[in-house]
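Peer 1: I have a structure I would like to understand better, so I am pasting it below and will then ask my questions one at a time.
The values are calculated or read from the model by the stated rules, or taken from the named source; none is laboratory data. Because the structure is a prediction, the values reported are computed rather than measured. Please note: Cβ atoms are built from the backbone with ideal geometry, for glycine as well, and neighbour counts cover all protein chains shown. When the accessible area is computed, the model is the full protein with side chains, heavy atoms only, and any ligands, DNA or RNA have been set aside. Shrake-Rupley method; radii C 1.70, N 1.55, O 1.52, S 1.80 Å.
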Amino acid sequence: MTGNKRIFIGSMILVLLLFVAGSHSAEARPERIVSLGPSLTEELYMLGAQDSLVGCTTYCRVPSDKKNIEKVGTVVEVNLEKIVSLKPDLVLATSLTDLRAIEKMKLLGINVIVFPTAKDFTELCGQVLQLGRLVGREKDAQELVSETKEKVAAIISKKGDRPPRTVFVQIGTKPLFAASKDSFINSVVEFAGGTNIVSGSRSGIYSREKVIKEDPDVIIIATMGLVGRSEKRAWEEYKTLKAVKESSIYIVDPYKFCGPTPGNFVSALEETVRMLRIKDE
């Protein structure tokens, strides 16, 4: 075989390999996605992959004009028949999704990827990168993570040099439930320069007696509406609490503080830094 023939055959093989690789890449990008988590849905929009979204939960925030996106249940309970009817090539589940539903979908041959709730900023960034790879938006994911890290660094640089304030973050009532160490909100508090009084607890279940004993500088209530206002009034009954004496009890948007997305982390961090600095201004 002459040198020219070898070069020609080698070139043809290379072209064929590139064609096959390109075909696999195209096939790898899902065209019909069902999201079972509000945070995952929001991140799909942030990555520019929203056109592939065909189903989501009733708690997912999508533009009102997106009537073609089917509601397939709540974060915990999903309508398996409706999901199957949508013929998804990718289902994004969370650690709250019914495990039986996940197993049934897998048995039906549906590609289901489970995303545990991100416990801190590092895990959040890692999950965004993973999601980007899954939906064929890896470059967008890398850019989003990079931009978010820059924003976080800029916020931290402005938080000021002062002793850390102690913080109690309430996310539930009856029983009283708080943001523990293994929570997204704990990471926000620490980045803001605060100390979460529940960080040493194994469970988020707490008691008012413990909060009173710890006497935090700031109390954050991540529950809106009547419940949030009612809880704030309940705490204000304890006149000796530093947070009461300094009017440092705040009601915040639970979606922002409990929904682990890059945008929410930045917004929650900005708000927390402001709440911790209010007495310095």
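Peer 1: With all protein chains present, how much of the accessible area of the chain (probe radius 1.4 Å) comes from carbon and sulfur, to the nearest whole percent?
Peer 2: Whole-percent figure for carbon plus sulfur exposure: 54.
Peer 1: Would you list Asp161, Asp140, Asp182, Asp217 from the most to the least accessible area, probe 1.4 Å? Intermediate results must be reported in sequence, preceding the final value.
Peer 2: Working: Asp161 160, Asp140 60, Asp182 105, Asp217 25 Å².
Result of the area sort, largest leading: Asp161, Asp182, Asp140, Asp217.
Peer 1: Just read off the accessible area of Ile197 with the full protein assembly in place, 1.4 Å probe, to the nearest 10 Å².
Peer 2: Rounded to the nearest 10, the figure is 20 Å².
Peer 1: Quickly work out the Glu138-to-Ser201 label distance, labels modelled 7 Å from Cα along the C-beta direction, and quote it in nm with one decimal.
Peer 2: For Ser201 paired with Glu138, the spin-label model returns 4.3 nm.
Peer 1: Quick one: how many Å² of Thr173 are accessible to a 1.4 Å probe, rounded to 10?
Peer 2: 50
Peer 1: How much area per residue is accessible in the chain when the probe is 1.4 Å and only protein heavy atoms are counted (Å²)? It would help to have the intermediate numbers written out before the result.
Peer 2: Numbers: 15460 Å² over 281 residues.
It amounts to 55 Å² per residue over the chain.
Peer 1: With each label point set 7 Å from Cα along the Cα-Cβ vector, what nm distance links Arg274 and Ser64?
Peer 2: Inter-label distance under the simple model: 2.6 nm.
Peer 1: Please identify the cysteines of the chain that lack any partner cysteine with a Cβ under 4.7 Å from their own Cβ.
Peer 2: Cys125, Cys258
Peer 1: What is the packing order of peptides 41-48, 112-119, taking the mean over residues of other C-beta atoms within 10 Å and listing the highest first?
Peer 2: In decreasing order of mean packing, 41-48, 112-119 become 41-48, 112-119.
Peer 1: So, one more: Multiplying the sequence separation of Glu123 and Lys181 by 0.36 nm and subtracting their Cα-Cα distance, what value in nm do you get? Please report the intermediate quantities before stating the final value.
Peer 2: On the way: separation 58, 0.36 × 58 = 20.88 nm, distance 1.38 nm.
Between Glu123 and Lys181, full extension yields an extra 19.5 nm.
Peer 1: Here are several values of mean projected area of the Cα convex hull in nm²: [x] 20.9; [y] 16.6; [z] 12.6. Which one was derived from the coordinates shown?
Peer 2: [x]
Peer 1: Specify the residue with the greatest mean-square fluctuation among Pro175, Pro38, Pro164, computed from a Gaussian network of the chain linking alpha-carbon atoms under 10 Å apart.
Peer 2: Ranking Pro175, Pro38, Pro164 by mean-square fluctuation puts Pro175 first.
Peer 1: Let me ask you something else. What's the center-to-center distance, using Cα atoms, between region 188-222 and region 133-169 in Å?
Peer 2: 22
Peer 1: With all protein chains present, calculate the accessible area of Cys258 using a 1.4 Å probe and round the result to the nearest 10 Å².
Peer 2: Per-residue accessible area (Cys258): approximately 60 Å².
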